[in-house]
1. Consider residue B:27 against the criteria (1) under 25 Å from residue A:166 (Cα atoms); (2) within 7 Å of another protein chain (Cβ to nearest Cβ); (3) in a loop (DSSP other than H, G, I, E, B); (4) touching a helix residue (DSSP H, G or I) at 6+ places or on another chain (Cβ under 9 Å): it satisfies all of them except one. Which criterion is unmet?
2. Could you run through segment A:6-43 and say how many residues are closer than 27 Å to residue B:37 by Cβ and either at the interface with another protein chain (Cβ under 8 Å from one of its Cβ atoms) or aromatic (Phe, Trp, Tyr) (or both)?
3. Inside segment A:33-123, counting only helices (runs of 4 or more DSSP H) that do not spill past its ends, which hold 2 or more residues that are at pLDDT 95 or above and over 12 Å from the mean Cα position of the chain (by Cα)?
4. Hey, residue A:220 hits all of (1) in a helix (DSSP H, G or I); (2) at pLDDT 95 or above but one; which does it fall short on?
5. Condition check: crowded, with 23+ Cβ neighbours inside 10 Å and within 19 Å of residue A:151 (Cβ to Cβ). Does residue A:31 satisfy that?
6. Any chance segment A:126-133 includes a residue that's surrounded by 18 or more Cβ atoms within 10 Å (Cβ to Cβ) and over 15 Å from the mean Cα position of the chain (by Cα)?
7. For the condition out of contact with any Gly (no Cβ under 7 Å at 6 or more places or on another chain) and facing another protein chain (nearest Cβ under 8 Å), what is the one hit in A:90, A:69, A:105?
Amino acid sequence: MHIPDGYLSPQTAGAFYVLTAPLWALSLRSVRRSLRRGRVALLSLLSAFSFLVMMFNIPLPGGTTGHAAGGVLIAILAGPWAALMAVTLALAVQALFFGDGGILALGANAFNIGFVMPLAGYFVFRLLKGAAGPGDRRFAIAAAAGGYVGINIAALLVAVELGLQPVLHHLPDGTPLYAPFALGVTIPAMVLPHLVIAGAAEAILTGGVAAFLGRYHPELFEKGSFTPR
Amino acid sequence: MKYHKAWIVLLMLAILTPLGIIAAGGAWGEWDLDGVRERVGFVPEGMRSSASGATESPLEEYTVPGLDGSFFRKGLGTIMTAMLGAGVTALLAFAVARIAGHGRIS
């Protein structure tokens, strides 16, 4: 799900930097607030967690691999804005040190994996959780559903971004200049394996950790401690 | 240290990362230029000029130069890159919080 450099045109990559910049600013503001509550260690911890989780590649149907991203879990624990910061930092290190994703594509990747995925998953979690408290079964199921929906929306988004490239940028004879596959190829290739396997992995991770922490550390979810109001 | 149990969990995750390199194949749509040529028949022009390659990191794809051959050696490299990457990411988060908070660290 990490778009590498070269797959998006410089215009598209630049547009995503412009789109994500104000979100980063809002995220920074939220980090400043959380700082006053003594949650810097948590932000640091969750950033490192995001980095590590994305190293666990699992085989997907079609001979490719995928991985969970942890963004929804981070959003449930610390809020979607903290999730954007944590995932962005992990993506930056992945791109700079390990050639995973890209530096030009960082805006797009942060938008997909750091913003849309955690926000969508968090929304689903809040919607399904209802009045359930940490430790309730419904709380964990809502978290799992959030993880599942979040990663799949992100996968669809990546597929659309890649699939639009040949439409936006091609030679007069139609030869693509950047990512070469059309939407009809990218969407099934990205979305189907995530619906079946990677989504399940994200659901198990998100639901499992939420269930464990909800049972043994319910204080993490108390009002005013972690989740933003 | 705050959340010391959680940090221990992260350390365990880092040690388990070689599990993540067992799966064959790479992610869809993340091929290098050779991989693109194989699948498309050619390398799109813009891709060739703007793709990374000129600035390849020595730790590309979470490997450590010299640590290859057996799964054990490769896995060792994976663990090293996991610890380095997670450590740098954690430090970056502290740095961002410090900048955001004008030096106040709790």
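The values are calculated or read from the model by the stated rules, or taken from the named source; none is laboratory data. These figures come from a predicted structure and were not determined experimentally. Glycine also receives a Cβ, built like all others from the backbone with ideal geometry; neighbour counts cover every protein chain displayed.
1. With respect to (1) under 25 Å from residue A:166 (Cα atoms); (2) within 7 Å of another protein chain (Cβ to nearest Cβ); (3) in a loop (DSSP other than H, G, I, E, B); (4) touching a helix residue (DSSP H, G or I) at 6+ places or on another chain (Cβ under 9 Å), residue B:27 is out only on (4).
2. 5
3. Answer list for segment A:33-123: A:40-53, A:80-98, A:106-109.
4. Condition (2) is where residue A:220 drops out.
5. No: the conditions fail for residue A:31.
6. Checked segment A:126-133: at least one residue is surrounded by 18 or more Cβ atoms within 10 Å (Cβ to Cβ) and over 15 Å from the mean Cα position of the chain (by Cα).
7. When all the criteria are applied, what remains is A:90.
Conditions (1) at pLDDT 95 or above; (2) surrounded by fewer than 18 Cβ atoms within 10 Å (Cβ to Cβ); (3) under 18 Å from residue A:152 (Cα atoms), marked per residue:
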{"residue": "A:163", "(1), (2), (3)": "yes, no, yes"}
{"residue": "A:184", "(1), (2), (3)": "yes, yes, yes"}
{"residue": "A:200", "(1), (2), (3)": "yes, yes, yes"}
{"residue": "A:209", "(1), (2), (3)": "yes, no, no"}
